[in-house]
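Report on the structure given below.
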Amino acid sequence: MKPLAIAWKDLVTRFRDRGALALLFVTPFALTLTISFAFGGSGGGGLADIPVAIVNQDAGEFGAYLVETFASDELADLVSPLVVSDTVAARTAVDADEAAAVVIIPTDFSASLMAAGQGTETSVIEIYANPTRPVSVGVVREIVAEFLDRLTSA
């Protein structure tokens, strides 16, 4: 019974101290605001308009589908795709930190998908990544991986 009496006395004393009470509620709020301004900005989640260069060398339909995926309304707030034809210029843009990644669709991409399962090798989509933007590059890789998963399951 004595420990409860001591705890009650301490609780009453703490709530009578207005400075300590204010500090009890203001400190977590101030800490949350500080972390929000440091890492999150004013809202929105932090990731938006990731610059991605896309080089579509494929003459078939599946390369165009991947380009359409990056340009879709669902990804409009997340990525900012730019379709280019010069692979070297696109890689230079990544090296100059003007783009997070370059997605290079090979010339035989659609043909290799159509021939898949017939003993032929499938072509590989190359992602040339900016090492200073690991989160953005991860998002681009996941978009490509999800596209390929949907293609292969269809």
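No lab work stands behind these numbers, since they all come straight from the coordinates. Values in this document were obtained by computation on a predicted structure and should not be read as measured data. Every residue, glycine as well, gets a Cβ built from its backbone with ideal geometry; the counts of neighbours run over all protein chains shown.
A few notes on this one:
- Rg/Rh for region 54-122, where both radii come from Cα atoms and Rh is the Kirkwood radius: 1.04
- Remark: C-alpha extents of region 1-131 on the principal axes read 82, 36, 27 Å, sorted largest to smallest.
- Relative contact order (percent, whole number), the chain, Cα cutoff 8 Å, 6+ residue spacing: 21
- About its Cα centre, the dipole of the chain is roughly 1620 debye, where the only charges are +1 on Lys and Arg Cβ and -1 on Asp and Glu Cβ.
- Residue among Leu24, Leu66, Leu47 with the largest mean-square fluctuation in a Gaussian network model of the chain, springs linking Cα atoms under 10 Å: Leu24
- Helix axis angle, 134-153 relative to the chain longest principal axis, alpha carbon, degrees: 50
- Fully extended contour minus Cα-Cα distance, from Leu47 to Glu146, at 0.36 nm per residue: 33.8 nm
- Rounded Å value of the spacing that divides the Cα centres of region 14-36 and region 68-131: 50
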